[in-house]
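Only one structure is covered here, and it is reproduced in the block below.
The values are calculated or read from the model by the stated rules, or taken from the named source; none is laboratory data. Keep in mind the model is a prediction, meaning the values are calculated, not measured. Counting neighbours? That spans all protein chains shown, and the Cβs are built from the backbone with ideal geometry, glycine included.
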């Protein structure tokens, strides 16, 4: 059973420090995803490589997979910045500080083999492209601002807390998952329809990307309605319109609400309005 989540007010850190923490953790979670991908049946949607936020490891955890006769999960702890291996043999950590990606991959592979995983099945190659971070080309992990890394983990924790009720209560909502490709954590609501008439609403958190240089929450419809010139005026956040359309709340917006209780209350209002506006845009 997973531990309960509570809203955290991330420390104020620079966008540059958050970006470095994001880059290194994005590279690191590829090994978490590779674990489940290597030892699970192939999935064309790569759902078996999706990740779950779990408070008990303060980070992102893989889907369960089997190493020999035992069920195993691998995760990334943001606070210790370590790979975590969970299974019947107990918990084990691989501290990433000072290791290259290749070295971390070799250590993880060895640990999984000791727990019964097949040597031949392991692969850390990716079925998609991510930015080429220095850690992918031989630079060791580490040297980041530890407060920024802790804050990054708290953004993911807050997102999981905010999204779980949506996944449980909204018809057609998927489980809350973090996708290692783009590093966003989200639930996707599939609305009634068939074929090309199907409509979707994605709501989640990005830790930052080419659209925003900081973490941000988003709620975006698909397909994008043609009449976006007169979008409803939000009480919280703003409409993003460049390359994609969605209602956005940046980390800066959230921090302006003050303490943890104020931030959580603001985001609960944002979610309620974001769902209503996007359902309206999709004609639901």
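Of the residues that make up region 223-237, is at least one part of a strand (DSSP E or B) and crowded, with 17+ Cβ neighbours inside 10 Å?
Filtering region 223-237 down to residues part of a strand (DSSP E or B) leaves none.
So far as region 223-237 goes, no, none of its residues is part of a strand (DSSP E or B) and crowded, with 17+ Cβ neighbours inside 10 Å.
Determine if region 87-101 includes at least one residue that is at pLDDT 95 or above, more than 20 Å from residue 163 (Cα to Cα), touching a helix residue (DSSP H, G or I) at 6+ places or on another chain (Cβ under 6 Å) and in a helix (DSSP H, G or I).
yes
Hey, does region 191-207 have a residue that's in contact with a helix residue (DSSP H, G or I) (Cβ under 6 Å, 6 or more places away or on another chain), surrounded by fewer than 19 Cβ atoms within 10 Å (Cβ to Cβ) and in contact (Cβ under 8 Å) with a residue 12 or more places away in the chain? Give the derivation first.
To start, the set of residues in region 191-207 that are in contact with a helix residue (DSSP H, G or I) (Cβ under 6 Å, 6 or more places away or on another chain) comprises 201, 205, 207.
Cutting the leftovers down to surrounded by fewer than 19 Cβ atoms within 10 Å (Cβ to Cβ) gives us none.
No, region 191-207 has no match at all.
Residue check: is residue 52 surrounded by fewer than 22 Cβ atoms within 10 Å (Cβ to Cβ), touching a helix residue (DSSP H, G or I) at 6+ places or on another chain (Cβ under 9 Å) and under 15 Å from residue 25 (Cα atoms)?
Criteria met by residue 52.
Surrounded by fewer than 23 Cβ atoms within 10 Å (Cβ to Cβ) and within 12 Å of residue 108 (Cβ to Cβ), is that true of residue 31?
In short, yes.
Take residue 188 and tell me if it is crowded, with 23+ Cβ neighbours inside 10 Å, at pLDDT 95 or above and more than 21 Å from residue 18 (Cα to Cα).
no
Which of the residues spanning region 67-91 are touching a strand residue (DSSP E or B) at 6+ places or on another chain (Cβ under 7 Å) and surrounded by fewer than 17 Cβ atoms within 10 Å (Cβ to Cβ)?
Hits for region 67-91 are 70, 71, 88, 91.
Just give me the residues in region 134-175 being closer than 21 Å to residue 214 by Cβ and in a loop (DSSP other than H, G, I, E, B), in sequence order.
Within region 134-175, 143, 144, 145 qualify.
Looking at region 31-63, which of the residues that are in a loop (DSSP other than H, G, I, E, B) and in contact (Cβ under 8 Å) with a residue 24 or more places away in the chain is nearest to the chain's Cα centre (by Cα)?
Looking at residues that are in a loop (DSSP other than H, G, I, E, B) and in contact (Cβ under 8 Å) with a residue 24 or more places away in the chain, I get 50.
Pairs, please: C-beta under 9 Å, at least 6 apart or cross-chain, first residue touching a residue at least 24 places away in the same chain (Cβ under 8 Å) and in region 115-132, second surrounded by fewer than 12 Cβ atoms within 10 Å (Cβ to Cβ)?
Listed by first residue and then by second, the contacts come to 115/88; 116/69.
Counting only residues that are touching a helix residue (DSSP H, G or I) at 6+ places or on another chain (Cβ under 9 Å) and over 13 Å from residue 36 (Cα atoms), how many does region 103-121 have?
Of the residues in that region, 3 qualify.
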